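Report on the following structure.
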Amino acid sequence: MSEIKKNRLQRISITIHLISLPALVCTIMTGDQLGSWFQIVAGTFLGLWMLTFYFSFNRTGLFNFTHTKVKNLDERELEVSRRALRFAYSVFSIVAVLLLFCIALTSLKVGVLMAAAMLYLAHVLPAVYLGWTGEKR
Amino acid sequence: MQSRKIHNRIAILRQERGLSRKELADQIGVNYQTVGYLEREEYNPSLDLAFRICEVFELPIDFVFSTSPLSPMSQELMNQNK
């Protein structure tokens, strides 16, 4: 498979992953309104989320790379890791501030699920950057 | 600040000495993929790494690295003999 095609597939997988996470959280939070459809919808989003995590971050080793100890990285890998963390910090700050605005303006509740989703997002964003830009380890 | 591209002779020197990327990487203390990036001139090494590479090849730094494209080694030898 060509490098361009691989990168395109990777980006599609990352996009699905990033959409499926808030979709799953919203589905669980509004579970009562969905009735009998809840299990199917939640199952679909959970499946998509897990599958795209495997293909985008687990199989490629990106998630492990962004969680490698600094002492185990060489100077180029440190540079790549620094760029990814810088991107992740910027994006996570914006997402957190936007979420705070939404909570302040609406009656949105911050539950354990949302907190867990935000924690997960903070951990996965550096790998998202690496996967999206195609920067390899 | 946009850094300049640093040209090098790592690939040719490594092949000349019959070293694999992994062997060279182990000697200079980096991942073998970093050697690939250095050889393709996609990554500029730090001064420390540049010196370590030169120590492995036992050559002066200006012979291995340059800010301008490097001429083939055979041509340099010819120029020295003239």
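Any aspartates and glutamates with Cα under 17 Å of the residue A:6 Cα? List them, leaving off those in the same chain fewer than 8 positions away.
A:135
With θ taken as phi - 60° and the coefficients 6.51, -1.76 and 1.60, list the Karplus ³J(HN,Hα) couplings across the range A:6-20 in order, rounded to whole Hz; mark glycine and proline as x.
4, 5, 5, 4, 4, 5, 4, 4, 5, 4, 4, 4, 6, 7, 5
Return the loop-located GluC sites (Glu not before Pro) in the range B:1-66 (DSSP other than H, G, I, E, B) with at most 11 other Cβ atoms within 10 Å of their own Cβ; answer none if there are none.
B:42, B:58
Averaged across orientations, what area in nm² does the convex hull of the alpha carbons in the range B:7-80 project?
4.7 nm²
³J(HN,Hα) across the range A:117-129 via Karplus (A = 6.51, B = -1.76, C = 1.60, θ = phi - 60°), whole Hz, x for Gly/Pro?
Computed from phi, the couplings for the range A:117-129 are 5, 5, 5, 5, 4, 4, 7, 8, 4, x, 5, 4, 4 Hz.
Where the only charges are on Cβ atoms (+1 Lys, Arg; -1 Asp, Glu), what is the dipole of chain B about its Cα centre, to the nearest 20 debye?
On the way: 10 positive and 11 negative charges, 40 e Å.
Magnitude of the dipole: close to 200 debye.
Using all alpha carbons of chain A, what is the percent of pairwise distances in each 5 Å bin, ordered from the shortest bin to the longest?
2, 10, 16, 19, 18, 15, 10, 6, 3, 1, 0
Tell me the label-point distance for the pair residue B:33, residue A:91, using the 7 Å Cα-to-Cβ offset, in nm and rounded to one decimal.
Inter-label distance under the simple model: 1.8 nm.
List the lysines whose alpha-carbon lies under 23 Å from that of residue A:71, not counting same-chain residues fewer than 8 positions away?
A:136, B:22
Rounding to the nearest 20 debye, state how big the charge dipole of chain A is about its Cα centre with +1 on each Lys and Arg Cβ and -1 on each Asp and Glu Cβ.
Details: 14 positive and 7 negative charges, 71 e Å.
Dipole magnitude for chain A comes out near 340 debye.
Given springs between every Cα pair under 10 Å in a Gaussian network model of chain A, which of A:30, A:60, A:15 has the largest fluctuation?
Among A:30, A:60, A:15, the largest GNM mean-square fluctuation belongs to A:30.
I need the phi-derived Karplus couplings for the range A:57-64: 6.51 cos²θ - 1.76 cosθ + 1.60, θ = phi - 60°, integer Hz, Gly and Pro marked x.
Couplings: 10, 7, 5, 7, x, 5, 5, 5 Hz.
Restricting to Cα atoms and excluding each atom paired with itself, what does the Kirkwood estimate give for the range A:1-64 in Å?
12.7 Å
For a Förster distance of 45 Å, can you work out the FRET efficiency between the beta-carbons of residue B:59 and residue A:9, rounded to the nearest 0.05?
Values: r = 43 Å, r/R0 = 0.96.
It comes out at approximately 0.55.
In terms of modelled amide H atoms, which long-range or inter-chain residues lie less than 5 Å from the amide H of residue B:65?
Result for residue B:65 returns nothing.
Read-outs throughout are calculated quantities, based only on the coordinates presented, and are distinct from any laboratory measurement. Being a predicted model, the structure only gives us computed values, none of them experimental. All Cβ positions, glycine included, derive from the backbone under ideal geometry; neighbour counts span all protein chains shown.
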